[in-house]
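Following: one structure in structure tokens, then a few remarks.
The values are calculated or read from the model by the stated rules, or taken from the named source; none is laboratory data. What you are looking at is a predicted structure, and each value in this text was computed from that prediction instead of being measured. For neighbour counting, all protein chains shown are included, and Cβ atoms are generated from backbone atoms with ideal geometry for every residue, glycine included. With ligands, DNA and RNA removed, areas are computed over all heavy atoms of the protein, side chains included. Shrake-Rupley method; radii C 1.70, N 1.55, O 1.52, S 1.80 Å.
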Amino acid sequence: MTELETLQRAKIYMEKLANGINPLDDTAIPDNEVVNHVRLSRCFFYVSDVLRQVIDNGGVTTQKKTPKAPFHLPLEQRARFDFSDAPITITEVSERINMLIEKEYMKTLPYRAIRDWLEFLGMLEEVLDSNGKPTKRPTPQGESMGIILEGRTGPNGPYFVTAYQSPAQHFIMDNLDAIVEFAKAQKENQGQPWTQEHDRCLTDLYQKGVSINEIAITLKRNDGAIRKRLKKLNLLQWG
């Protein structure tokens, strides 16, 4: 057996172990076996991908540091998402998703990507809080999917948060690919310089009453970049 064939067989073994299959006889490994632990499973997936890269390189390894891979969560790993019976914030949803990946080797999915996608669908809307600051709140459509406004108490007294019940968590996980693609499209122009044409389009849309989220989608930038540019053009007050 050649070195490359050995690598290919090792990759197959890692893939089977990652999916809970005994690579020696192709039988399912019992759930209570240590090799089915989620952390080991993630390691097996990672090793399998490293072996794939080595195989694609003709079996030659290099010392060059591999950049983090784009966020990707296979279906078998999504099934391990820890759904909460109690409502949780969008930050907590994002953290639970990112617990399923090896963050050292893969980019995480930021909570803003999920939030912006839900706003694009009309399930969230931007409103001003009691301090006049913009915040996201559920629309009637969002409430029907399990996104609620929940009162909580902190060191400074009572406050409200937008929280996600179990149906909303399931909706997010069922549409994870759409969220990732939406975030990718938004990042297309991120960091690119603003041109006069961009500014004219931004000014025209804003003065017509188009929401910041819809402007961000049109110009393929995030909400923060749109607000920052509006302030620079003196179309939006600082604060």
Legend entry - Whole-percent carbon and sulfur share, accessible surface of the chain, 1.4 Å: 53
Inset, instruction - Please give every one of the aspartates and glutamates within straight-line cross-link reach of Lys220, meaning a C-alpha to C-alpha distance under 17 Å, and leave out same-chain neighbours fewer than 8 residues apart. - result: Asp116, Glu119, Glu181, Glu188, Glu197, Asp199, Asp204
Inset, instruction - Normalising by the residue count of the stretch 16-114, find the relative contact order in percent from Cα pairs under 8 Å and 6+ residues apart. - result: 24
Legend entry - Solvent-accessible area per residue for the stretch 47-102 (1.4 angstrom probe, square angstrom): 62
Legend entry - Accessible area per residue in Å² at 1.4 Å probe, computed on the stretch 123-239: 61
Inset, instruction - Please give the length that would be gained between Val38 and Gln141 if that part of the chain were fully extended, namely 0.36 nm times their separation in residues minus their C-alpha to C-alpha distance (nm, one decimal). - result: 33.6 nm
Inset, instruction - Specify the inter-centroid distance of the stretch 7-67 and the stretch 80-135, based on alpha-carbon positions, in whole Å. - result: 30
Legend entry - Solvent-accessible surface ranking, highest first, for Asp204, Asp85, Asp177 at 1.4 angstrom: Asp85, Asp177, Asp204
Inset, instruction - Return the distance in nm (one decimal) between the two label points of a simple spin-label model at Asp129 and Asn156, each offset 7 Å from Cα along Cα→Cβ. - result: 0.7
Inset, instruction - Could you sort out which of Lys187/Lys208; Lys133/Lys232; Lys107/Lys232; Lys11/Lys187 sit more than 22 Å apart by Cα distance in this structure? - result: Lys187/Lys208; Lys107/Lys232; Lys11/Lys187
Legend entry - Degrees separating the helix 223-232 axis from the principal Cα axis of the chain, which is the longest one: 40
Legend entry - Degrees between helix 111-120 axis and first principal axis of the chain (Cα, 0 to 90, nearest 10): 60
Inset, instruction - Please give the helix 38-56 orientation as an angle from the longest Cα principal axis of the chain, in degrees from 0 to 90, rounded to the nearest 10. - result: 80
Legend entry - FRET efficiency for Cys201 and Asp82, using Cβ-Cβ distance with R0 set to 41 Å, rounded to 0.05: 0.45
Legend entry - 3J(HN,Hα) from dihedral phi, the stretch 93-106, Karplus parametrisation 6.51/-1.76/1.60, rounded to Hz, x for glycine, proline: 4, 4, 5, 5, 5, 6, 5, 8, 10, 8, 5, 5, 10, 9
Legend entry - For peptides 49-59, 23-33, sequence by mean Cβ density within 10 Å, most packed first: 49-59, 23-33
